[in-house]
Amino acid sequence: MRDSVQALLARVLPRERIRALDEAGEFPLEAYEALARDGWLGLPFPTAIGGAGGSFKDLAVFVEAVSWHSAQMASAWLTTAIYGGRQLLGASEALKAEIMPGLLRGETRLAFCLTEPHTGSDAAAIRTRAVQDGDGFVITGQKIYITCAHVAHHLAVVTKTEADAGHRGITVFLVDARSPGLTIRPLRALGRRMIHVNEVFFDDVRVPAARMLGGRGQGWSNLMRGLNVERLCLAAAASGNCQRIIDDAREFALDRTAFGRRITEFQAVAHIADMRMMAEAARALTYRAAEMMDAGLDPVSETTIAKVVATENNSRCADMGIQIMGGAGYMMDHDMQMYFRDARVGTIGGGTSEIMRGIIARRMGL
């Protein structure tokens, strides 16, 4: 699987193309469609709805392999296939039949809208309202930092259908991104410019009740069921990017000389050894969590630990990679600066490291 995916991406998304797309802030559409043609968008979906029925271990290996080539490409795939796509598992059979074929062919892209200007990790405190009006609902509110919304055809939007009911009032809708009253505004971020984030405004956006995902007031339970998968994927992506950073740093260190000797004869060798240990630890924790999920367990602590360790190690590896390369790593002509920028969001997105540590502590009875 790893060899197949990386060979495909090497053809359709070479390094110079990644740099150009990152600089221009353009979505890697050709590579995304190539993954779809080879069937990879179907990997996490059951065979009953046209998917490949892959295991969680398959998912971890695939995401790790894609992220080794490009962390941004992994995010582009995850946004539709996991973050938006898994919400479709709660859709009606009619809605699945409408959306899934295009999704699997790479023709229909999704984005997941949860975070708001005043609400991030505290999902139960969202303010975006969905008020019933006849046989549909009217959505009013704002979302922010929404990955790939600017290229999405449909948005899985987390709303409050009961304002004062806390998490029991949360309902998710699938909203056509072309709906009247819906505005998407791209934001400028430090990294991940190919798949950049967006603000999304809902000004009395009408959505049919039939496009509700999972039933009224059932959004929270659907979100919670997807957390293990999300954290597993984030850990796998960080693990793959760690390895790419190591490979590039090693290649540079073997070629670079100082004072008449390779820099691997100096402190660089210790840095690279530390980076290898961090990458292996991240990968081992990720694979263990995937195997527990495949065994039918609910490894909340394990997926959370994997997410924290992998994303923090990813950021540290990128920082060390720049240090090994020195001035060259700091220049925009080399990929290391992009790895550094892209890795930094890992400890924020999908739940901050601080929130993750709180979850781990609570699972310990603290």
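The values are calculated or read from the model by the stated rules, or taken from the named source; none is laboratory data. Being a predicted model, the structure only gives us computed values, none of them experimental. Note: ideal-geometry Cβ built from the backbone for every residue, glycine included; neighbour counts use all protein chains shown. Keep in mind that these areas ignore ligands, DNA and RNA; they rest on the heavy atoms of the full protein, side chains included. Shrake-Rupley method; radii C 1.70, N 1.55, O 1.52, S 1.80 Å.
Observations, loosely collected:
- Length-normalised contact order for the chain - Cα pairs under 8 Å, 6+ apart - percent: 16 percent
- Among L21, S55, V5 - extreme Cα towards positive end, dipole of region 1-66, charges at beta-carbon: S55
- Inverse mean reciprocal Cα-Cα distance (Kirkwood Rh) of region 157-266, Å: 18.5 Å
- Max mean-square fluctuation residue, GNM over the chain, Cα-Cα springs under 10 Å, options S70, S179, S353: S179
- Ellipsoid fit via the Cα gyration tensor, region 140-205: semi-axes of 23, 14, 10 Å, each the root of five times an eigenvalue, largest first.
- Equivalent-ellipsoid semi-axes of region 276-329, from the Cα gyration tensor, Å, largest first: 30, 9, 6
- The angle separating the long axis of helix 353-363 from the principal Cα axis of greatest extent in the chain is about 70 degrees.
- Estimated FRET transfer efficiency when R0 is 35 angstrom, pair D319-V131 (beta carbons, to 0.05): 0.15
- Using the alpha-carbon positions of region 50-94, Rg (one decimal) and Dmax (whole number) come out as 11.9, 37 Å.
- Normalised by the number of residues in region 1-160, the average gap of Cα pairs under 8 Å and 6 or more apart makes the relative contact order 20 percent.
- With all protein chains modelled, accessible area of F201 [1.4 Å, Å²]: 60 Å²
- Cα Rg, Dmax, region 87-141, angstrom units: 14.5, 36
- Rg(Cα)/(2.2 N^0.38 Å) for region 18-79, N = residue count: 1.19
- In units of the rule-of-thumb radius 2.2 N^0.38 Å, region 196-333 shows an alpha carbon radius of gyration of 1.47.
- Across R216, R244, R192, mean-square fluctuation computed from a Gaussian network of the chain (C-alpha pairs under 10 Å connected) peaks at R216.
- Separation of alpha-carbon centers, region 134-150 and region 226-248, rounded to whole Å: 28 Å
- Under the simplified labelling scheme, the L190-A124 pair shows an inter-label distance of 3.1 nm, with each label point 7 Å from Cα along Cα→Cβ.
- Here the 3J(HN,Hα) profile of region 308-319, calculated from phi with Karplus coefficients 6.51, -1.76 and 1.60 at θ = phi - 60°, is 5, 4, 5, 6, 5, 5, 4, 5, 5, 4, 5, 5 Hz, Gly and Pro shown as x.
- Residue among V66, V200, V300 with the largest mean-square fluctuation in a Gaussian network model of the chain, springs linking Cα atoms under 10 Å: V300
- Sequence of K143, K96 from largest to smallest accessible area, 1.4 Å probe: K96, K143
- Counting only alpha carbon atoms, the long axis of helix 93-105 and the longest principal axis of the chain meet at about 30°.
- Only lysines eight or more places from K57 in sequence, or on another chain, were considered; those with a Cα closer than 23 Å are K307.
- Gap separating the Cα centres of region 291-363 and region 85-112, nearest whole Å: 29 Å
- Calculated SAXS-style log₁₀ I(q)/I(0) at q = 0.11, 0.16, 0.27 Å⁻¹ - region 171-233, Debye, Cα scatterers: -0.39, -0.79, -1.03
- Accessible surface, region 220-366, averaged per residue in Å² (probe 1.4 Å): 48 Å²
- Cα-based values for region 1-155, radius of gyration first and Dmax second, are 16.8, 53 Å.
- Label reach from E354 (point 7 Å along Cα→C-beta): in region 99-119, amide nitrogens under 16 Å belong to 118-119.
- Kirkwood hydrodynamic radius computed over the chain comes to 21.1 Å, based on all pairs of distinct alpha carbons.
- Over region 74-232 - Rg/Rh using Cα atoms and the Kirkwood inverse-distance radius: 0.93
- Square roots of five times the Cα gyration tensor eigenvalues for region 200-244, Å: 32, 16, 7
- Between 0 and 90°, nearest 10: helix 268-294 axis offset from the chain longest Cα axis: 30 degrees
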